[in-house]
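First the structure, in the form of structure tokens, and then the observations on it.
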Amino acid sequence: MPESIITMENVKKLYVMGDSQVFALRDVSFDIKQGEFVTIMGPSGSGKSTCMNMIGCLDRPTSGTVKINGKETSSMNEKELALLRNKTVGFVFQQYFLLPSMTVLENVMLPLRYSGIEKKRRVVLAKEALEKVGLSERLNHHPYELSGGQKQRAAIARATVTEPKIILADEPTGALDSETGKSVMKLFRKINETGTTIVIVTHDLNVGASSRRCIQILDGLIQSDCEQTPKEL
């Protein structure tokens, strides 16, 4: 049976704003196994983005335990967290965050540069990643020359180029029309078939229905966590 690659155990996250205290997460616990395809669903303010930040080592819990790829994160310093992020997690965001001054190829090469891979090898790996998402003919285009779907495919290529164990996607279809959203979700499923763990944070019921497992969160509490039969978007 696959080992857990993500573990959250009794996680609480408290934000202090002036005289007010707000719990974004209240005693949240779940395990995600290597190779799972999971959606974390909930409305704005539910705590799903805070879950994403914990999984992505972008934030620390107020209390509780977060383990990513077997490593407990709360005691890590910023350098150690950055190293874990770079080696283990690929990020895909709703707004793509492609650098406008760089070509598609250069954008996809960036994570490899941070990993210390020499340039010739970076070019080869980035081209391979772009070919997998169907963008081989857009290598030298800039982001402003791409459609929304092409931008998201470029962002997915950038997230997968280092072959991370986890792909963490935040509302990846939120800025796309329905048909383009379908193609992006099919691409995530294809990536998942290679053994990569996919975690998608969303409020979209259709996206939630496309995963093998859906964790629903509201007011910082898990409302349900169930296996399901994926439906085509």
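The values are calculated or read from the model by the stated rules, or taken from the named source; none is laboratory data. Keep in mind the model is a prediction, meaning the values are calculated, not measured. Glycine also receives a Cβ, built like all others from the backbone with ideal geometry; neighbour counts cover every protein chain displayed. Note: areas computed on protein heavy atoms with side chains; ligands, DNA, RNA excluded. Shrake-Rupley method; radii C 1.70, N 1.55, O 1.52, S 1.80 Å.
Of the helices (runs of 4 or more DSSP H) lying entirely inside the stretch 120-233, those containing at least 2 residues that are at pLDDT 90 or above span 148-160, 178-192.
Conditions tested, residue by residue: (1) more than 16 Å from the chain's Cα centre (by Cα); (2) of a type outside the set (V, I, T).
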| position | (1), (2) |
| --- | --- |
| F97 | no, yes |
| M102 | yes, yes |
| E137 | yes, yes |
| H142 | yes, yes |
| P172 | no, yes |
| L176 | yes, yes |
| T197 | no, no |
| T202 | no, no |
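Among the residues of the stretch 31-64, those that are open to solvent by less than 40 Å² (accessible area, probe 1.4 Å), more than 14 Å from the chain's Cα centre (by Cα), under 22 Å from A209 (Cα atoms) and not polar (S, T, N, Q) comprise G42, G47. Residues in the stretch 176-233 that are closer than 20 Å to M8 by Cβ, crowded, with 18+ Cβ neighbours inside 10 Å and of a type in the set (A, V, I, L, M, F, W, C): I198, V199, I200, V201, C214, I215, I217, I222. Considering the stretch 1-23, and only residues there that are under 23 Å from I166 (Cα atoms) and either within 19 Å of the chain's Cα centre (by Cα) or not in a strand (DSSP E or B) (or both), the residue that is modelled with the lowest pLDDT turns out to be M1.
Pairs linking a residue in the stretch 84-107 that is hydroxyl-bearing (S, T, Y) to a residue that is in a strand (DSSP E or B) and open to solvent by less than 40 Å² (accessible area, probe 1.4 Å), with Cβ atoms under 8 Å and 6 or more positions apart or on different chains, are T88/I68; T88/I166. Every condition in (1) exposed (fewer than 14 other Cβ atoms within 10 Å of the Cβ); (2) within 15 Å of the chain's Cα centre (by Cα) holds for N77 except the one numbered (2). Figure legend. Inter-residue proximity from the stretch 210-230: first residues on the phi > 0 side of the Ramachandran plot, second residues open to solvent by less than 70 Å² (accessible area, probe 1.4 Å), beta-carbon distance below 6 Å, spacing 6+ or different chains. Indicated pairs: G220/A24; G220/L25; G220/G47. Of all the residues in the stretch 1-30, those that are open to solvent by 60 Å² or more (accessible area, probe 1.4 Å), of a type outside the set (K, R), farther than 13 Å from K67 by Cα and in contact (Cβ under 8 Å) with a residue 60 or more places away in the chain number 2.
Applying the condition of being open to solvent by less than 20 Å² (accessible area, probe 1.4 Å) and hydrophobic (A, V, I, L, M, F, W, C) to the stretch 90-104 and asking which residue is modelled with the lowest pLDDT yields V92.
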